[in-house]
1. Search segment 28-69 for residues being of a type in the set (Lys, Arg) and not in a loop (DSSP other than H, G, I, E, B), and hand back the single one that is least open to solvent (accessible area, probe 1.4 Å).
2. Could you check segment 180-213 and list, in sequence order, the residues that are open to solvent by 30 Å² or more (accessible area, probe 1.4 Å) and under 14 Å from SER107 (Cα atoms)?
3. Please work out which residue is nearest to SER231 (Cα to Cα), limiting yourself to segment 167-192 and to residues that are part of a helix (DSSP H, G or I), modelled with pLDDT of 90 or more and small (Gly, Ala, Ser).
4. Going by what's in this entry, would TYR195 be described as in contact with a Pro (Cβ under 8 Å, 6 or more places away or on another chain), of a type in the set (Ser, Thr, Tyr) and not in a helix (DSSP H, G or I)?
Amino acid sequence: MIMMLPPATSKELFVVKMENAKPGQAVLFHGLQGAAHLNGKRGHLIKFLRDQQRWVVSCDDDDVGETVNVKPANLELAGPKKEYFVHPLTGQVMIPKTTSVPVTDTSIVREGIADLHSAVLSAYHRQRKGGVVVSCGDDYMIAIEFDGPHGNGGVYGEMVFTDKCGSAQAVVRDRGCQRATELGRNFLAGETVQYIDTTHEIDFFNLLSKYKMQARSEGHIDIKSGLKLYSVALAR
């Protein structure tokens, strides 16, 4: 005898979606009654309280990093804020070809990985919005759009970068950039941007390695920069 199970409700579907959720992932609040002002807003998962069957979630819109305990049924995993192209039939990523223009904004210069990282966090705590571009020479850059506070003095964000990988350098060439920094500016178009330069390649790649260890990607390609998009949680 074959038993037919009833279809899952919308809340049950959200619970299933959250079963594989991990700390650091972005979520959207929905269906909250006691904290209805959070519905539709973004947050980031901190940890799962097994005894309460709730996620501890930081609120991105709160400057002091307010946290709330929320049932999985009231959370939905959020996609990246950045736009990206995917072909509706083949699923192939489509990257538009655009011509970039030089970045002429004033940069601050930092040396040493600790100083670079401190400058990135300081840009967030000073602006509370926008993003930062860290560059090294003409070929390498890291761009981060700030998403919200993370822990004690850290920040959640979305990141793209150009390193020594041939595919990343091909994007720089195909977009007609004089410097990779222009892709970072494109990524953060419309945002307040802090530019940071370093002349030490070793420091730059140590910083990038540190950030990549705290990042995850679902393979999306950002429209404005043409680079692979990462979610990142930067600790203080």
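The values are calculated or read from the model by the stated rules, or taken from the named source; none is laboratory data. Quick caveat: nothing in here was measured; it's all calculated off a predicted structure. Here Cβ is always computed from backbone atoms with ideal geometry, including for glycine, and neighbour counts include all displayed protein chains. To get the accessible areas, we keep the full protein, side chains included, count just its heavy atoms, and leave off ligands, DNA and RNA. Shrake-Rupley method; radii C 1.70, N 1.55, O 1.52, S 1.80 Å.
1. Within segment 28-69, the subset of a type in the set (Lys, Arg) is 41-42, 47, 50, 54.
From what is left, the residues that are not in a loop (DSSP other than H, G, I, E, B) are 42, 47, 54.
Details: ARG42: 41, LYS47: 111, ARG54: 75 Å².
Out of the qualifying residues, it is ARG42.
2. Across segment 180-213, the qualifying residues are ARG185, THR192, VAL193, GLN194, ASP197, THR199.
3. Within segment 167-192, the match that is nearest to SER231 (Cα to Cα) is GLY184.
4. Numbers: in contact with a Pro (Cβ under 8 Å, 6 or more places away or on another chain): no; of a type in the set (Ser, Thr, Tyr): yes; not in a helix (DSSP H, G or I): yes.
Answer is no for this residue.
Yes/no matrix, rows are residues, columns are (1) over 29 Å from VAL68 (Cα atoms); (2) under 15 Å from the mean Cα position of the chain (by Cα):
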site: ASP147; (1), (2): no, yes
site: HIS150; (1), (2): no, yes
site: ILE221; (1), (2): yes, yes
site: ALA233; (1), (2): no, yes
site: ARG236; (1), (2): no, no
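Results for (1) at pLDDT 65 or above; (2) not charged (D, E, K, R), shown as yes or no for each residue.
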position: ALA21; (1), (2): yes, yes
position: ARG42; (1), (2): yes, no
position: VAL57; (1), (2): yes, yes
position: ASN69; (1), (2): yes, yes
position: GLY79; (1), (2): yes, yes
position: HIS87; (1), (2): no, yes
position: VAL103; (1), (2): no, yes
position: GLY112; (1), (2): yes, yes
position: LEU116; (1), (2): yes, yes
